[in-house]
Amino acid sequence: MSKKIAVLTGAGISTSAGIPDFRGPDGVWTKHPEQTSVYDIDLFLNNKEDREYSWRWQKESPVWNAQPGAAHKALVKLEKAGLLTLLATQNFDALHEKAGNSPDLIVNLHGTIGTSHCMKCHQQYDTADIMARLDEEPDPHCHRKLKYRGDMPCNGIIKTDVVYFGEALPDGAMEKSYDRATKADELWVIGSTLEVYPAASIVPVAAQAGVPITIMNMGSTQYDRLATRLIHEDIAVALPKLVDETIAAEAEG
């Protein structure tokens with residue numbers, strides 16, 4: 001039986017790939033608190049200008065244009081070795097998908113910028129298609145033809161699948177994370193400050209179930225005392241190394 005490893009990733013795995021974080025000392029929102037409004041659900045729903053600003057900001061943001069780094073690719077390697085059972089992430093940059101991890105292992109706790117949906121008829125959209133047409137349609141609306149309305153377009157507001165301030169987390173996201181984390185042989189926390197709830201609660205829940213915890217983060221976290229292994233090194237180097245060592249030990253075992 002191969003080892004089951006559950007992973008929780010936060011901003012640190014993406015900053016290691018060159019994406020600025022939001023909440024750190026040099027974070028986008030730390031320096032520009034007014035920009036948090038791009039993810040305010042009430043403004044987004046009620047005001048065309050706010051919607052246009054939100055879409056434009058997201059298109060120009062490093063989050064949308066980012067590419068996976070060495071650490072993201074290491075987690076694909078871990079999955080291919082058959083050792084990864086959960087990849088829960090607090091990031092909404094869709095980099096785990098871009099890197100090649102399978103969607104059934106990924107839980108986007110805070111949603112994802114990779115896909116979008118109509119808030120009226122729930123039609124799914126690929127965000128890339130919307131971004132490609134943003135100059136022609138800066139306030140994207142749903143063009144799905146509704147049969148029951150004589151093929152009139154739905155015209156609902158489209159938003160990315162990022163969880164905006166004021167929205168609930170995706171259905172079942174925490175339940176699936178708790179379930180797989182508590183059944184794992186190890187839980188690795190990669191690049192999370194463990195300050196944002198409920199995502200951070202995965203750590204004490206797994207610890208309570210007796211799962212050994214590795215925390216890899218540049219700074220300390222409030223749950224360091226629950227960890228059996230603390231790694232304060234550059235994630236872009238330390239995670240590929242940990243993955244290789246884990247795969248090698250498994251092969252010997």
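Accessible area per residue of the chain at 1.4 Å probe, in Å²? Display every interim value, and only then the final one.
On the way: 12110 Å² over 253 residues.
The answer is 48 Å² per residue.
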Q) Tell me, Kirkwood radius of the range 113-200 from alpha-carbon pair distances, in Å? A) 15.9
Q. What's the angle, to the nearest 10 degrees (0 to 90), between helix 48-60's Cα axis and the longest principal axis of the chain?
A. 40
Q) Against the longest principal axis of the chain, how steep is helix 70-80, in degrees 0 to 90 to the nearest 10, with axes from Cα atoms? A) 70
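Between SER220 and LYS31, what's the calculated FRET efficiency when r is the beta-carbon distance and R0 is 22 Å? Round to 0.05.
Details: r = 23 Å, r/R0 = 1.03.
Approximately 0.45, to the nearest 0.05.
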Q) ³J(HN,Hα) across the range 229-244 via Karplus (A = 6.51, B = -1.76, C = 1.60, θ = phi - 60°), whole Hz, x for Gly/Pro? A) 8, 10, 10, 9, 9, 4, 4, 4, 9, 5, 6, x, 5, 4, 4, 4
(Q) With a 1.4 Å probe and all protein chains left in place, how much of the accessible area of the chain comes from carbon and sulfur atoms, in whole percent? (A) 53
Q) Using Cα pairs under 8 angstrom and six or more residues apart, how large is the relative contact order of the chain, in percent? A) 23
(Q) List the lysines whose Cα sits under 17 Å from the Cα of LYS98, skipping any in the same chain fewer than 8 residues away. (A) LYS59, LYS73, LYS77, LYS80
Q.
Can you tally the lysine pairs in the range 117-253 where the Cα-Cα distance is under 25 Å and the two residues are eight or more apart, or on different chains?
A. 7
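Using only the Cα atoms of the range 134-253, build the gyration tensor, take square roots of its eigenvalues as a ≥ b ≥ c, and label the shape rounded, prolate or oblate: rounded if a/c is under 1.5, else prolate if a/b is larger than b/c, else oblate. Walk me through the numbers before you get to the answer.
Values: a/c = 2.52, a/b = 2.36, b/c = 1.07.
It comes out prolate by the Cα gyration axes.
Compute the Rg to Rh ratio over the range 199-246 from the alpha carbon atoms, using the Kirkwood formula for Rh, and round to two decimal places. It would help to have the intermediate numbers written out before the result.
Numbers: Rg = 11.3 Å, Rh = 11.5 Å.
Rounded to two decimals, Rg over Rh is 0.98.
Once the cut-off is 23 Å, how many percent of the Cα-Cα pairs in the range 38-125 end up in the long-distance tail?
Of the Cα pairs, 33 percent sit more than 23 Å apart.
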**Q.** the chain: most fluctuating residue of HIS232, HIS110, HIS96 per GNM, C-alpha cutoff 10 Å
**A.** HIS232
Q. Which FRET efficiency value, to the nearest 0.05, is calculated for SER2 and ASP104 with the Förster distance at 22 angstrom and r the Cβ-Cβ distance?
A. 0.80
(Q) Between ILE41, ILE213, ILE106, where does the largest GNM mean-square fluctuation fall for the chain, given springs only between Cα atoms within less than 10 Å? (A) ILE41
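Rounded to the nearest 0.05, what FRET efficiency is calculated for THR228 and ASP129 with R0 set to 51 Å and r the Cβ-Cβ distance? Let's see the in-between values first.
Details: r = 45 Å, r/R0 = 0.88.
That gives a FRET efficiency of 0.70.
The values are calculated or read from the model by the stated rules, or taken from the named source; none is laboratory data. Please read all numbers here as calculations on a predicted model, not as lab measurements. Here the Cβ is made from the backbone with ideal geometry for all residues, glycine too, and neighbour counts use every protein chain on show. Keep in mind that these areas ignore ligands, DNA and RNA; they rest on the heavy atoms of the full protein, side chains included. Shrake-Rupley method; radii C 1.70, N 1.55, O 1.52, S 1.80 Å.
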